[in-house]
Amino acid sequence: MVKISIICTNYNKKPWIAEAIQSFLNQKCQFDYEIILVDDASTDGSDLIIRDYAEKYPDRIKAFFNKTNKGITATWISVCKEVSGDYIARCDGDDYWTDSEKLQKQINLLESNQESKWSCTDFDIISESGQLLHTKAIKNGIIRKMSSFEEELAYKGMTMSSSWLVETQLMKEVNDLIAPDAVDDTFNLQLELFNKTKLSFLEDSTVVYRLHDGSDSHPLSVEKAKQRFERLKETQLEYLQKNASADTALISSYLISEVSEQEKIIYEQRNQINKNSQLIQDLETNKSQLEKNIEQLRQEMDELEHKRDFWLNEYNMVVNSRRWKIPTKVINFFRRK
C-alpha cells in the first residue's frame, strides 16, 4: 500500500529534471511510495525525459502531460487528485533532494506529533548552474523560519515547498481553497495550511533550492516585480479579512518590526550611496587634475623634443661642415701613427 505520493511539477526544466527524478528514486524507506511526474506542456524536450523514466520504472512512476500550459497552480491542484498515498511530498522540477532518508525522517516526525499534518525541512541554495550559494538557509538566517499564519502573512515567508510532506486529505482541502491563477500558489497554500495545522520542522537540510534570476519569484524586470508585489499585497489583505481568528495585534507587531528593519536597510543603503557619490565626485576631480597634469607634461615634452631637434640639427651642421672635417682627418691620421 502506497504511503507517500511524490509529486514533481515540470515546465521547461530539461537541464535539471533528471536529477530531481533520480533523487526521488534514491529514497530509502520502510514503506512504499509512488512518484507522480506532471509536465505542463514543456517546449524544451524535458517531457521526453519524463517519458523515458516512466517507461523505465512503470511500477514506481506515473506521468501526466498537459496538452496546453495551465500554469503551476492549476497543474498542482489537478495532479493532486491522482495520488494514492496517505501523504503528498512536493518537489519542483529544478530542485532535488539530497538526503536519501528525507521521507522516512519526515514520516517519523509527523507520526510522533499528532497535532501536525505538515512538515518541511532546512535546505541549501544553489545557483542556476549548480554553484552552492548557502547551506542550511533557515538555520543560518538566510531565510526566516515560519511557524504561524501570522508570521507567514506578515513576512510572505518561505517554508521551502520542495521539502513539504503533507497529509493528502489536508492537501486536497487547501487546494480547493486557492484560486487556480494565484500569483504564487505556495504563498496561498502556506497560509491555508497554517490555518489548519501546525508545521513540523526537520532541522536537517534535505533539499537544494535552485535560484533563478528572471523567474516568477525573482523577476529581473522592475515592472514585473512591482506587479508581483502588488498581487501579493492583495493576497495578504484578502487573507487578513477572511481569517477572523488571526491575531491582528501580533501581525501588526511583525509588520512594524519588518518596516523598522527595512528602514534601517534603506538608511544604510542611502548612506552608502551618498558615500559612493562623494567618492565618484572626488575621482572626477582627481581625473580632471590628472588630465591637466598630463596636458602640461605633453607640452613640456613637445618643448623638449623641439629643443632636441634644434640641437641635433646644429650638431649635424657642425660635424658635416668642411671646417670640422679637415681637423678630424688630421687627428685621425696622427691616431693611426
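The values are calculated or read from the model by the stated rules, or taken from the named source; none is laboratory data. The model shown is predicted, which means the values in this text are computed figures rather than measured ones. Backbone-built Cβ (ideal geometry, glycine too); neighbour counts: all protein chains shown. What goes into the accessible areas is simple: the full protein's heavy atoms, side chains included, and nothing from ligands, DNA or RNA. Shrake-Rupley method; radii C 1.70, N 1.55, O 1.52, S 1.80 Å.
Data table
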read-out	value
Distance-filtered residues of the range 169-206 - backbone nitrogen under 16 Å, label point 7 angstrom along residue 26 Cα→Cβ	205-206
Nearest-0.05 FRET efficiency for residue 212 and residue 114, computed from C-beta distance (R0 25 Å)	0.10
FRET efficiency for residue 277 and residue 198, using Cβ-Cβ distance with R0 set to 35 Å, rounded to 0.05	0.10
Net +/- balance of residues flanking residue 243 in space, Cβ distance below 13 Å, scoring K and R +1, D and E -1	-3
Förster radius 41 Å - calculated FRET efficiency between residue 68 and residue 172, Cβ distance, rounded to 0.05	0.95
Surface share of carbon and sulfur [accessible, 1.4 angstrom probe, percent] for the range 1-58	49 percent
Ranked by how many other beta carbons lie within 10 Å on average, peptides 253-263, 81-91 from highest	81-91, 253-263
Angle between the chain longest axis and helix 322-336 axis [Cα atoms, degrees, rounded to 10]	90 degrees
Acute angle (nearest 10 degrees) that the helix 222-242 long axis makes with the longest principal axis of the chain, alpha-carbon atoms	30 degrees
Local net charge near residue 254, Cβ-Cβ under 14 Å (Lys/Arg +1, Asp/Glu -1)	-3
The chain: calculated mean residue ellipticity at 222 nm from DSSP helix runs of at least 4, using -39500 (n - 2.57)	-17500 deg cm²/dmol
Length gained when the stretch residue 292-residue 267 is fully extended (0.36 nm per residue, less Cα-Cα span)	5.2 nm
Net charge over other residues, Cβ less than 13 angstrom from the Cβ of residue 146 (K, R count +1; D, E count -1)	0
Within the chain, percent of DSSP bridges classed antiparallel, to nearest 5	25 percent
Rounded accessible area per residue of the range 1-108, 1.4 Å, Å²	44 Å²
Tilt relative to the chain, helix 46-56 - C-alpha long axis, 0 to 90 degrees, to 10	50 degrees
Mean Cα-pair separation over length for the chain, i.e. relative contact order, pairs under 8 Å, 6 or more apart, %	16 percent
By average C-beta atoms within 10 angstrom, highest first, the peptides 171-183, 2-14, 233-245	2-14, 171-183, 233-245
Per principal axis, descending, Cα span of the chain in whole Å	121, 54, 38
